[in-house]
Amino acid sequence: VFFGLRSGFAVASAFTEATLVQALARRKRGAESWVLLCLLATSSAMFVASTTFLPGTFSMYLFTLAAAGVLSGRTGLVIASCASSVILGWSVTAIAALPYAIWVLCSGKFTQSFNIAMAWGFGLLLSTFAFDSFFYGKRALSLYSFLSYNVFGSGDSALYGVEGPSYYFKNGAINLNLLLPLSLAAPLLMAFREMYARAGHESSGLGRLFIACAPQWVWLAAITALPHKEERFMYVVYPQVLMAAAFAIVQISAGLASILGKRRAGGARKVLIGAAVVCTALFSAGRIGALLWNYSSNMRIYFELHSAVAHDHRQPRSGECVVCLGSEWYEFPSRFLVPEQCDVRFVKSGFDGLLPARFGASTTEAAPWLNDRNEGRAEMFMDERFCDFFIAKKFDENMVEITKGRKKWKALKELHYVQSSASKAPYRWLYIPFLSAKNLVYNQMVLYSAS
């Protein structure tokens, strides 16, 4: 199921990306469309974001379609995509949709656009109300719940961590490498291109491209202003970042090539564009390599769990085995990777906030200790004496009392996991052949079995 879902997400992402590339090509932006295609295919940011099971990824698909709608002049597609993102996906993406909303209002099709917006909005609200009410067993609307807590209520995202204003720029340097600064330079390059075209009494045709790229700049400013920041917040506008970067690459390459004169400019431009694409692809390959070789053991350890459960001849309590997690609970990839006969529980560790909880007999029954203040409860935890398997990092001061405590544990499998805090940059976030291994400090992700 886990990999089936991810495969489905990959197909959906590929479809929306192809739609965007095709729309850009039809705007007589052949060079930019080819560069965009290469960036989408090789970007480490898209490698991660395109297949995650998150609202930001769902909104990314829809904003990609909306950008294609702007480029092709299809206001209906823009309205439907943005409305679906806000109502079905992540309501705060209404901020990123502002440039598209302004474009729709200025398109000269106000009555038609208003009717489409009302029809889509009413239809989506009605369907999500019916869906939420059925599964929660009471009248419910997830959009209202989100807004009442995060916007109009007492919700405080700072409870879940605070980062400085440079967070997204540092994160962008890792996942987007050269593409983030290029995308930030794109508005200035567009302005120069527009002035040059007007000086020659020509049309640059950049209006729709600017609007199509604009959500990234609005969204980046908005999420940077928030105290709580996460990498996944940027997923929404990754395709727009890459599209703006593609424009910047083409324009900078053309400008540099023109120095060589008209006879050599064409060939030099192609070489410079190719060099830029290859350079960003190599950085992205290094980042993907680091994710796969340095940080994938938190997922691979669950493949070992399947083998361990299959060969465990003890009779678990109530016919069910218990897999316990400690301070590394946030590394848990998915319940889909755990054997069906096993239950996942948490033991007391250094973390004292709220932890995920299972539904009861159905989705209408929520754990009674869940709260909106990120406060932990004793009911969240299980005594490690009742655990059959335990997954934790080998060198973890929060876990010493458990792995060496009242119950004897046997290490079944140990997998390398990079200790980021003790490893050097850039090796911890970028895989460099022959050098990374020499400059990294490894911990171990360990699968323990009760002996």
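Of note:
- Rounded to the nearest 10 Å², the accessible area of H416 at probe 1.4 Å: 110 Å²
- Farthest toward positive dipole pole in the chain [+1 Lys/Arg, -1 Asp/Glu at C-beta], among L206, T111, V236: L206
- Within straight-line cross-link reach of K413, lysines at Cα separation under 17 Å, skipping those fewer than 8 residues along the same chain: K393, K394, K404
- Point-charge dipole on Cβ atoms (K/R +1, D/E -1) for segment 178-332, about Cα centre, debye to 20: 940 debye
- Global form of segment 1-64, assessed from the alpha-carbon gyration tensor, a/c cut-off 1.5: prolate
- Cα gyration tensor category, rounded, prolate or oblate, for the chain with a/c compared to 1.5: oblate
- Mean residue ellipticity (222 nm) of the chain, computed from DSSP H runs ≥ 4 via -39,500 (n - 2.57), nearest 500: -17000 deg cm²/dmol
- Of the residues F152, W219, G164, the one whose Cα sits farthest toward the positive end of the charge dipole of the chain, with +1 on the Cβ of Lys and Arg and -1 on the Cβ of Asp and Glu, is W219.
- Vicinal HN-Hα couplings computed from phi for segment 210-220 (Karplus, 6.51 cos²θ - 1.76 cosθ + 1.60; Hz; Gly/Pro x): 4, 5, 4, 8, 4, x, 5, 6, 5, 5, 4
- Subset of K348/K408; K28/K270; K28/K170; K348/K410 violating a 26 Å alpha-carbon distance limit: K28/K170
- Whole-percent carbon and sulfur share, accessible surface of segment 5-137, 1.4 Å: 74 percent
- Calculated diffusion of segment 68-156, Stokes-Einstein form, Kirkwood radius summed over Cα pairs, 20 °C and 1.002 mPa s, µm²/s: 152 µm²/s
- Per-atom-type breakdown for segment 225-312 gives carbon and sulfur 66% of the accessible area (1.4 Å probe, protein chains only).
- For the chain: accessible area per residue (Å², 1.4 Å): 52 Å²
- Classification of segment 162-292 by its C-alpha gyration tensor yields an oblate form. The axis ratio a/c (a ≥ b ≥ c) is 1.5 or more, and b/c is at least a/b.
- Evaluated with a Cβ-only charge set (Lys, Arg +1; Asp, Glu -1), the chain carries a dipole of roughly 1520 debye about its Cα centre, given to the nearest 20.
- Carbon + sulfur, % of accessible area of segment 324-451 - ligands and nucleic acids excluded, 1.4 Å: 53 percent
- Look at where the Cα atoms of segment 159-210 and of segment 83-128 average out, and the two centres are 25 Å apart.
The values are calculated or read from the model by the stated rules, or taken from the named source; none is laboratory data. Every value quoted in this text rests on a predicted model; they were computed, and no experiment measured them. Glycine also receives a Cβ, built like all others from the backbone with ideal geometry; neighbour counts cover every protein chain displayed. Ligands, DNA and RNA are excluded from the accessible area calculation, which covers all protein heavy atoms including side chains. Shrake-Rupley method; radii C 1.70, N 1.55, O 1.52, S 1.80 Å.
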